[in-house]
Amino acid sequence: MTPITVQSMYIFHEVDSFVKNCLDRIKGRETFTEYMLSWATDELNRLYVPFLKTYDPTYWYAQSIPAFVNATRSSMADVPYEQAIWEPSFTYDFLTYLRFYALSIKQQSYSQMMQENNNKVELQSYVRRVLDKYTKSLVIRIDLSYAFDSRDKVLLDDFANHMERLRQHISNKQTCFEDLTGFAWAIEQGIDKGIHCHLWLVYDGSKRQADFHIGKAVGEKWLKITNGLGEYHNSNTSEIKAFHESIGQLGIGRIHRNSQQEIENAVNTALYLTKPTKIDQYLVVSTKGMRTFGKGVIK
């Protein structure tokens, strides 16, 4: 077993996608077609060994992962995984066992969507209240992740620690977080981008300006927290703002309380953090107890 890194996490997303694809293809079928068995056999031979080399039962997983573990073990009970070669007969057993987990996987996906919807409702109310507190607000949007070449050096536990340190800095409201009036963050995972954090920040617009430089300072803070292994995307550039302004959707930078259009745009920008439809971005593996969404408290 090798430690789970930001780079190796991709295997769990691939397995999650494979399991759900299998269940979609066999739904309502009593038997499996030759094409289905051939496709699933090829995928099992590609995924099975890399998955078990990385899988660590001490972490939290989406329901598709224990379903994969149990169905493969039931099909390959006496074969050491290093020597496993999947054949259609084994695959047939795998798909048969996998059926038993269809309901629990579907229920979890539904629960995740409902939780995201609840987060969306809470965030919308929070954002409106934050923006209503001051005549002028300064809104920053930044994405925090890891450089591609660094992802094999960052453990999943490292990411949890980095996020904890970031939240502490935000709570202390010092340096680049001084004059902060509100914030929200959301953690997502993806095969291409890996694990990452969407961050929404609001400052007192009468005290802070130069939103691009604030976004840059927050990004530099992330680089320091990650010892140079991280990277960031600052949305508060003049080019990005000019584009969104040209289509009437600018929701970052200076937001005026008496402009309903600016307020609505800012709310929509923040709500990107909680889109129930981004199913492919939900966490498939995480440290136990890891929070995936948070926001400030109105005082």
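The values are calculated or read from the model by the stated rules, or taken from the named source; none is laboratory data. Everything numeric in this text was worked out from a predicted model, so none of it was measured. A quick note on method: Cβ atoms are made from the backbone with ideal geometry, for glycine too, and the neighbour counts reach across all protein chains shown. When the accessible area is computed, the model is the full protein with side chains, heavy atoms only, and any ligands, DNA or RNA have been set aside. Shrake-Rupley method; radii C 1.70, N 1.55, O 1.52, S 1.80 Å.
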Fill in the blank from the handout: Measuring from the longest principal axis of the C-alpha atoms of the chain, the long axis of helix 102-132 (C-alpha) lies at a number of degrees, nearest 10, equal to 0
Fill in the blank from the handout: Rounded to the nearest 10 degrees, the helix 88-98 long axis (Cα) sits at an angle to the longest Cα principal axis of the chain of 50
Fill in the blank from the handout: With +1 on the Cβ of every Lys and Arg and -1 on the Cβ of every Asp and Glu, the dipole magnitude of the chain about its Cα centre, in debye rounded to the nearest 20, is 1380
Exercise for the section: First select every other residue whose beta carbon is under 12 angstrom from the beta carbon of Val19; then total the charges, Lys and Arg +1, Asp and Glu -1. Expected result: 0
Problem - GluC sites (Glu not before Pro) restricted to DSSP loop in region 149-195 with at most 15 other C-beta within 10 Å - result: Glu178
Handout entry: Reachable aspartates and glutamates, given that their alpha-carbon falls under 19 Å from the alpha-carbon of Lys224 and they are not under 8 places away in the same chain
Key = Asp143, Asp149, Asp152, Asp157, Asp158, Glu164, Glu178
Practice task
Round to the nearest 10 and give me the degree value, 0 to 90, for the angle of helix 10-26's Cα axis relative to the longest principal axis of the chain.
Solution key: 60
Problem - Of Lys106/Lys193; Lys136/Lys207; Lys27/Lys120; Lys133/Lys241; Lys20/Lys153; Lys207/Lys299, those spanning more than 21 Å from alpha-carbon to alpha-carbon - result: Lys106/Lys193; Lys27/Lys120; Lys133/Lys241; Lys20/Lys153
Handout entry: Accessible area expressed per residue, region 1-113, with surrounding protein chains retained (probe 1.4 Å, Å²)
Key = 53
Handout entry: region 1-126 - convex hull of alpha carbons, volume per residue in Å³
Key = 127
Exercise for the section: Run the accessible area of the chain with a 1.4 Å probe and give the carbon-and-sulfur part as a rounded percent. Expected result: 49
Practice task
Can you list which of the trypsin sites (Lys or Arg not before Pro) found in region 228-291 are DSSP loop residues with at most 13 other C-beta atoms within 10 Å?
Solution key: Lys288, Arg291
Practice task
Can you check what the net charge comes to around Ala184, using other residues whose Cβ is under 10 Å from the Cβ of Ala184 (Lys, Arg +1; Asp, Glu -1)?
Solution key: 0
Practice task
Quick one: grab the alpha carbon gyration tensor of region 101-161, order the square roots of its eigenvalues as a ≥ b ≥ c, and give me rounded if a/c is under 1.5, else prolate or oblate depending on whether a/b is larger than b/c.
Solution key: oblate
Practice task
Would you mind getting the accessible area per residue of region 155-276, heavy atoms of the protein chains only, 1.4 Å probe, in Å²?
Solution key: 46
Handout entry: region 154-202, relative contact order in percent, only Cα pairs under 8 angstrom and at least six apart counted
Key = 27
Practice task
Output the relative contact order of the chain, whole-number percent, from Cα pairs under 8 angstrom with separation of 6+ residues.
Solution key: 26
Completion exercise
For His169, the net charge from surrounding residues (Cβ-Cβ under 13 Å; K, R +1; D, E -1) works out to +2
Problem - Cα gyration tensor category, rounded, prolate or oblate, for region 136-218 with a/c compared to 1.5 - result: prolate
Exercise for the section: Just need the Rg to Rh number for the chain, please, alpha carbons only, Kirkwood Rh. Expected result: 1.05
